[in-house]
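Data block below; observations after.
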Amino acid sequence: MKVKRSTMLVVGVIAGSALTISAPAAGALSNSAPSAIPASTSTAASLDHVKFLQDGVNIRAEATTKSPSLGLAYKSHKANFLASVRGENVNGEFNWVKLKDTTTGVTGYVNAAYISLIP
């Protein structure tokens, strides 16, 4: 029996929608700090806007709370989804989203517990 390897990976569910990303190349996984995996075309087209669920959310340089904050986001801010990564566990949530806050111009990472993705 031949096993077919899938080229897509579901990394989590945010606001009821599965985030599907392209799988990394063979041998690309390591124990180093997480790196962004770009969203597939279908995901980016359908889930490209981010809504902040509270005011004063840190946008960080990397997907960890140990990384410096690049700025703060507020519920009134607009942001674009760029990628999804697995990062530090924050209150049981390992998924982080790389985004660009179009209100401030800051690009960085926010833990998925503090945002929702909207079409």
When the range 84-119 is checked residue by residue, the ones that are assigned to a strand (DSSP E or B) and in contact with a helix residue (DSSP H, G or I) (Cβ under 7 Å, 6 or more places away or on another chain) are Val90, Glu93, Asn95, Trp96, Val97
Just need a number here: residues in the range 84-119 that are buried (at least 17 other Cβ atoms within 10 Å of the Cβ) and of a type in the set (D, E, K, R). 4
Kindly provide the set of residues from the range 40-83 that are buried (at least 19 other Cβ atoms within 10 Å of the Cβ), within 14 Å of the chain's Cα centre (by Cα), modelled with pLDDT of 95 or more and not in a strand (DSSP E or B), ordered by number. Glu62, Ala63
Pick from the range 84-115, criterion of a type in the set (Lys, Arg) and closer than 14 Å to His49 by Cα, ranking: nearest to the chain's Cα centre (by Cα): Lys98
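The values are calculated or read from the model by the stated rules, or taken from the named source; none is laboratory data. Remember, predicted model here, so these are calculated numbers, not experimental data. As a convention, Cβ positions derive from the backbone with ideal geometry for all residues, glycine included, and neighbour counts pool all protein chains shown.
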